[in-house]
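Colleague: Below is one structure. I have some questions about it.
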Amino acid sequence: LFNILVVEDEKAVNDLITMNISLVGYNYDKAYDGKTALEKIKQNKYHLILLDIMLPELDGFELASLVKSRGIPIIFITAKDSLSDKIKGFDIGAEDYITKPFEMLELLARVKVVIRNKYKEQIFVIENVTINLNERTVKKNDNEITLTKIEFDLLEILAENKNVALSRDILLEKVWGYDSECETRTVDVYIQRLRKKLNWEDKIKTIYKIGYRLEVL
Amino acid sequence: MLFKQKIILATLILFIAVLDINSYIFMKFSEKAVLETEYQRAKNEQSFIIKNINDILKYTKPKDVQTCKDIVKSYKTFYKFYAEDIVIYEGEYIPENNDNIIINENLESPYDKLTLVYIKDIENIRRIKTKQTNILIYINIFSCILLVTFVYIVVCVFTKPMNEILKNIRVIKNGDYDKRLLVNTKDEFAEIAEEFNNMAISIKGNIVKLEKAIYEKQTLAENMAHELRNPLTSIKGFSEYLLKGNISENNKITALNYIYSETQRLQKLCNKILDISMMKYENINPIKLSIDKITTEIQTIYVNNTKDIRLNFNIKSKYIFGDYELIISLISNIIDNAINASKNKSKVDIEFSEDTNYSYLKVFDTGCGTKNTQDIFKPFFRDDKARSRENGGVGLGLSFCKSIVDLHNGKIYINSQVGEGTVVTVILPYIQGG
C-alpha cells in the first residue's frame, strides 16, 4: 500500500484530496503547514507528497527544496497557474503539477502515473482477482481468465479508479481512443462481457446517469 | 543636416560673399583709376606726337597721301616708346576690339582730310588685373580653410554640452530614470539640462507611483483569485466526489457539510467585496449620533459571543459624527478582530473620547497581537491564515474598516505587541455645532 502525504493549509481542500485518494486505495497523512509537513517527512516514510505552494510557515517551493534529497516524488497542487511557477516547480524536481480547481479523475490519474513510474507498480489485487499489467494476465483464484485486449484495457481503467464512477465517454476515450467511432453502447457490451467473465455482476455497478463503477470496500 | 554643418556653411557663405564683394569693388575702382591715368598719359603723348607730325609735314610738304603715310610710317619706330602704332587713315579708324586706347585726330590743313590714329597698348594693365584675380582666388581658398577650421573648433567647443545632453537623454529614454544630466557651462544648455533633470525626476516619481498601483492591483487580483479558488475547488471536488464516489454515509455528510460551508464562505466574500467597492463610490452625510445608542446596539450584538468575552465600555464623550450603519459596522468589525485574537473569557475595552476637533474610538484587547500593523489593512491580508479561516474570516475586515474611516475623512491605526495585545485607534472629525 502506498502512503501519500497531503500538504494543504485549506482544511476543506485537504479533506477533499485525502477522501478521494483513499477511495482508490491509497493510505494518506495530512499536514496543514510547511513546518508540520517537514517534521512528518522526517519521521515517516511517504511514497508521494501532494504539496500546495502557498503555505503558512514554509512555502511549498521551500519545503520541496528541503526534502529534495529524500527522493520522494512531489506533485504540486496550487491556485497559482502561471508558467513561471510551473517551471519553478519542475526545476525544483516536481513530478507533476495540478491547478485548482481540479477534476477528481485528473488528480487520481496524475497520482497513479507518478506512483506507477516511480515504483513500477504492476499488480492490482481486487479481492480474489489478480491483475498483472506487465504480463497482461488476469487470475481469479489462481485460474487464468482469458480477456481480449479491449476487455483487459477496460478492466485496467476500472481497477485503477476503483470506487469512482467513470462515464461511458471517459471509458470510450481511454480504452478505444480519442478518434474511435464506436458509440457508447459498445461500452455497455464490453462491460457485460467483463461482468460475465469475472463473475462480477455485483462489483461493476451501473451508476444511474453517470456510467460504471468498480466497487470494492 | 547637423547643427555644426549648418553653422559652418552659413559662416562660410557669408564670409566668401563679404570678402569677394569687397575685393570686386576695390578691384573695379583701382582698375578704373589706372585706366584713367593711362588714358591721360596716352592723350598727352598723342598730342605731343600729332604736334610733331604736323610740324614735320609742314616742312616736308608731301604731295600725296601715300607719301604722307610713308613719312608717318618712318617715324613709327621713333615713337615706339610712346605708342604701339600710329597710322594715317583717310577717314575714321574703327577699331576691331576695344582692348587698346585709340585716339583719332585730323591732321592740320592742308592734310585735314587725313586722320592720325594713335594706338596705345594696355596689355600690362590686363596682366595686372589677371594677377590680382589669381591672388584673390588664393586668398579665398586659404581663408576658407582657415575659417572652416576655426569655426569647426569653436562650434565643437560650444556644442559639447549639447552632445552630452543628447547622449544622456538616450540613456534616460531607455528607462534609466536615475541618470542625471551634468552641464557645467552657464548658458542655455545648463537651463535645458536642469529642466530635463526635473522632468526625469517627476517621470520617475510617477512611474514609481504607477508601478506601486499596478502591483497592488495585481496582488489584490491574485489574492482574490486565490480566495475564490479554494472554496470553488472544494465545492466542485466534493460534489464530484458525491456524484461518482462509492462512499459511506459518514463521508457523504462530511462532503455535504463542506459544500454548504464553502458556499457560505463564497457568499460572505461576495458581500464583503461588494461592500468595499460600493464604499468607494458612496458619499456619506455624517450626522450627530448618540454614543449611548451605539453602545447599546453593540452590546446586543455581542451579548452571547462564543468565546464568552466581556466588553467593557469607557465612555467620555456623548456624540460622534458619522453614518449610523457604517459606524456600527466599523466598530463591530474591530471588535470581531479583537475577539478572534483573544483567549476565551478575556475582556475587550472600548473607549470613546473627544477633544475640540476629533472624536476618538479605541479598542483594547489582550490577545495575541500582530507584527503587521501596516499590511493588516490590505485586502485579503491575514495575520494568521489558518486561525482566521477557522473563524470564518475572508481577510477583508480591516480593509473594510479602513474604507469606512476614509469615507468619514478619519484615520485608523493599530498599535500592537505580539503576545500582549492590540489597540485599534479610530479618529473621526468632530463637527462643531453639528
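Every read-out reported here was derived from the displayed coordinates using simple, explicitly stated rules and does not represent laboratory data. Just so you know, these numbers come straight off a predicted model, no measurement behind them. Heads up, the Cβs are rebuilt from the backbone with ideal geometry, glycines too, and the neighbour counts pull from every protein chain shown.
Colleague: Taking every DSSP beta bridge with both residues inside chain B, roughly what % is antiparallel (nearest 5)? Show your work: numbers first, answer last.
Modeller: Working: 38 of 44 bridges.
In chain B, DSSP labels about 85 percent of beta bridges as antiparallel.
Colleague: Let me check against my output: what whole-number percent is the relative contact order of the stretch A:123-162, with C-alpha pairs under 8 Å and at least 6 apart?
Modeller: Reported relative contact order: 27 percent.
Colleague: Given the options B:THR295, B:THR130, B:THR366, which has the most mean-square fluctuation in a GNM of chain B, springs set between C-alpha atoms less than 10 angstrom apart?
Modeller: B:THR130
Colleague: How high is the relative contact order of the stretch A:120-217, given as a whole-number percent (alpha carbon pairs under 8 Å, six or more residues apart)?
Modeller: Numbers: 118 pairs, mean separation 24.2, N = 98.
With pairs under 8 Å counted, the relative contact order is 25 percent.
Colleague: Taking Cα atoms of the stretch B:53-125, Rg/Rh with Kirkwood Rh, to two decimals? It would help to have the intermediate numbers written out before the result.
Modeller: Details: Rg = 12.6 Å, Rh = 12.8 Å.
Here Rg/Rh amounts to 0.98.
Colleague: Right, here's the next one. Considering only Cα-Cα distances, which of the following residue pairs are longer than 21 Å: B:LYS318/B:LYS362; B:LYS51/B:LYS73; A:LYS118/A:LYS205; A:LYS88/B:LYS236; B:LYS58/B:LYS113?
Modeller: Working: B:LYS318/B:LYS362 15 Å; B:LYS51/B:LYS73 16 Å; A:LYS118/A:LYS205 31 Å; A:LYS88/B:LYS236 27 Å; B:LYS58/B:LYS113 15 Å.
Check vs 21 Å cut-off fails for A:LYS118/A:LYS205; A:LYS88/B:LYS236.
Colleague: Per DSSP H run of n ≥ 4, the term is -39500 (n - 2.57); total these for chain A, divide by its residue number, and report the mean residue ellipticity at 222 nm rounded to 500 deg cm²/dmol. Show your work: numbers first, answer last.
Modeller: Numbers: 8 runs with 87 residues, N = 217.
Theoretical 222 nm ellipticity from helices: -12000 deg cm²/dmol.
Colleague: Distance between the C-alpha centers of the stretch B:302-375 and the stretch B:132-149? Whole Å please.
Modeller: What the calculation gives is 95 Å, centre to centre.
Colleague: Follow-up. Kindly express, to the nearest 10 degrees and within the range 0 to 90, the angle between helix B:65-76's C-alpha long axis and the longest C-alpha principal axis of chain B.
Modeller: The helix B:65-76 is inclined about 60 degrees to chain B.
Colleague: Could you work out how far the C-alpha centroid of the stretch A:1-51 sits from that of the stretch B:98-125, in angstrom?
Modeller: Their Cα centres are 135 Å away from one another.
Colleague: Ok, one more. Under the definition of partner shielding as Cβ atoms of other protein chains within 10 Å of a residue Cβ, what is the mean value for peptide A:6-18?
Modeller: On the way: counts 0, 0, 2, 4, 10, 5, 16, 9, 1, 9, 12, 2, 0.
The mean count of partner-chain Cβ atoms within 10 Å per residue comes to 5.
Colleague: Given the C-alpha centroids of the stretch B:210-229 and the stretch B:165-205, what is the distance between them in whole angstrom?
Modeller: Between the Cα centre of the stretch B:210-229 and that of the stretch B:165-205, the gap is 34 Å.
Colleague: Another question, then. Taking loop as defined by DSSP and a crowding limit of 16 other beta carbons within 10 Å, which trypsin sites (Lys or Arg not before Pro) in the stretch B:1-109 fit? Each step should come with its number before you reach the end.
Modeller: Details: sites: B:LYS4, B:LYS6, B:LYS28, B:LYS32, B:ARG41, B:LYS43, B:LYS51, B:LYS58, B:LYS63, B:LYS69, B:LYS73, B:LYS76, B:LYS80; in loops: B:LYS63, B:LYS80.
Filter output for the stretch B:1-109: B:LYS63, B:LYS80.
Colleague: What percent does the relative contact order of chain B come to when contacts are Cα pairs within less than 8 Å and at least six residues apart?
Modeller: After rounding, I find 10 percent.
Colleague: What per residue convex hull volume, in Å³, do the alpha-carbon atoms of chain B yield? Intermediate values should be presented prior to the final figure.
Modeller: Working: hull volume 153.4 nm³, N = 434.
So the per-residue Cα hull volume is 354 Å³.
Colleague: A:LYS209: which lysines have alpha carbons under 16 Å from its alpha carbon, excluding same-chain residues fewer than 8 sequence positions away?
Modeller: Excluding near neighbours in sequence, the set is B:LYS244.
Colleague: Are there trypsin sites (Lys or Arg not before Pro) in the stretch B:270-378 that DSSP marks as loop and that have at most 16 other Cβ atoms within 10 Å, and which are they?
Modeller: Working: sites: B:LYS272, B:LYS280, B:LYS288, B:LYS293, B:LYS307, B:ARG310, B:LYS316, B:LYS318, B:LYS343, B:LYS345, B:LYS347, B:LYS362, B:LYS371; in loops: B:LYS307, B:LYS316, B:LYS318, B:LYS343, B:LYS345, B:LYS371.
Taking the stretch B:270-378 and a limit of 16 other Cβ atoms within 10 Å, the loop trypsin sites (Lys or Arg not before Pro) found are B:LYS307, B:LYS316, B:LYS318, B:LYS343, B:LYS345, B:LYS371.
Colleague: Which order do B:CYS270, B:CYS401 fall in if you start with the one that has the fewest other Cβ atoms within 10 Å? Kindly include the intermediate steps, with their values, before the conclusion.
Modeller: Numbers: B:CYS270 12, B:CYS401 23.
The order, fewest Cβ neighbours first, is B:CYS270, B:CYS401.
Colleague: Starting with the fewest neighbours, write out B:VAL348, A:VAL138, A:VAL216 ranked by other beta-carbon atoms found within 10 Å of each beta-carbon. Before the final figure, lay out each step's value.
Modeller: On the way: B:VAL348 26, A:VAL138 23, A:VAL216 15.
Least to most surrounded, the residues fall as A:VAL216, A:VAL138, B:VAL348.
Colleague: Counting other C-beta atoms within 10 Å, which of B:GLU262, A:GLU183 has the fewest, and how do the rest follow? Intermediate results must be reported in sequence, preceding the final value.
Modeller: Numbers: B:GLU262 23, A:GLU183 10.
The order, fewest Cβ neighbours first, is A:GLU183, B:GLU262.
Colleague: On C-alpha positions alone, give me the angle between the axis of helix B:188-244 and the longest principal axis of chain B, in degrees, nearest 10.
Modeller: 40
Colleague: Compute the long axis of helix A:83-92 from its Cα atoms, compare it with the longest principal axis of the Cα atoms of chain A, and write down the angle in degrees, 0 to 90, nearest 10.
Modeller: The angle comes out at about 90 degrees.
Colleague: Give the percent of DSSP beta bridges with both residues in the protein assembly as shown that are antiparallel, rounded to the nearest 5.
Modeller: 70
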